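Report on one structure; see the data block that follows.
What follows is calculated from the coordinates using simple rules that are stated; it is not laboratory data. What you are looking at is a predicted structure, and each value in this text was computed from that prediction instead of being measured. Cβ sites come from the backbone with ideal geometry, for glycine too, and all protein chains shown count toward neighbours.
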Amino acid sequence: MSELFIHTEGRGQAHLVLLHGWAMHGGVFAPLVEALRDRCTMHVIDLPGHGRSSECTVSLQPAACAKAIAARVPPALWLGWSLGGLYALQAALDFPQQVQGFAMLCASPRFVRGDDWPYAVSPEILQNFGHDLGSDYEGTLERFLALEALGSDCAQADLRKLRADTFSEHRPDVRALVEGLDVLEHADLRARLPELARPSAWIAGRRDRLIPWQAMQWSAAQCAGAFTCVTGGGHAPFIGHTGEVVTALRPLLEATHA
């Protein structure tokens, strides 16, 4: 399949686009989809090179990828988790007519630490993952999944779900993984946050070891967004703390689809 794969599920006039993180596919959102299926129509994306979009050749660079997704979905609320947050944010900036509002779930406008940005991981962590992919594909992904689950008060359950999705029959393409790491290392949309005119929700995990909650609190303040911190959540709070994530999303869903 050369096109972007989009699975549509749920019901209702409210539309929600779901964008997964690095090395994942849309199936990771199963707990959230189940919780929201009676409230909105969801468009679950497999990003290029991931899942059932494994042969899609669209670039993972934020501008190109956000454009390709926007061309395939109706006007909607966009939710991006981790890497997927960069595409939700880029789309909100570039296609405000398509993005009625957006939610950043454990996602930040900049993923790596810098002299002026302490709320992130060191660039060396991402560089090491990229270096190791060629020689130890499965081991590299295992280490990343462990980092995603680390800290959560339901870490073992989170890890089982993440591992099952990642090592399914829809394994991510190495080329896409390398490009995704490049995006995570170099993307920086902080300066553009004040341009955002659409309502937003920024949902953090208090125990997240990849995206500190402070990064999301700061970002929400730059664009008058709503900030929520899931107390026991790690990097994937929608798995073990689905109800809290849904509660945090509810005002945004109601505001954008009143």
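The distance between label points at T57 and A164 comes to 3.6 nm (points 7 Å beyond Cα on the Cα→Cβ vector). A Förster radius of 45 Å combined with the Cβ-Cβ distance from Q156 to Q217 puts the calculated FRET efficiency at roughly 0.95. The GNM of the chain, with springs linking C-alpha atoms under 10 angstrom apart, assigns the highest mean-square fluctuation among D94, D188, D136 to D136.
Model label sites at H131 and A226, defined 7 Å from Cα along the beta-carbon direction, differ in position by 4.4 nm. Compared with the rule-of-thumb size 2.2 N^0.38 Å for a compact globular protein, the stretch 5-256 has a Cα radius of gyration ratio of 0.90. Note on R190, R207: ascending count of other Cβ atoms within 10 Å places them as R190, R207, the fewest first. The label point for A35 and the one for V246, both projected 7 Å from the Cα toward the Cβ, are 0.7 nm apart.
Rounded to the nearest 5, what % of DSSP beta bridges with both residues in the chain are antiparallel? In the chain, approximately 25 percent of DSSP beta bridges are antiparallel ones. Residues considered: L47, L19, L162. Largest GNM mean-square fluctuation over the chain, using C-alpha springs under 10 Å, is found at L162.
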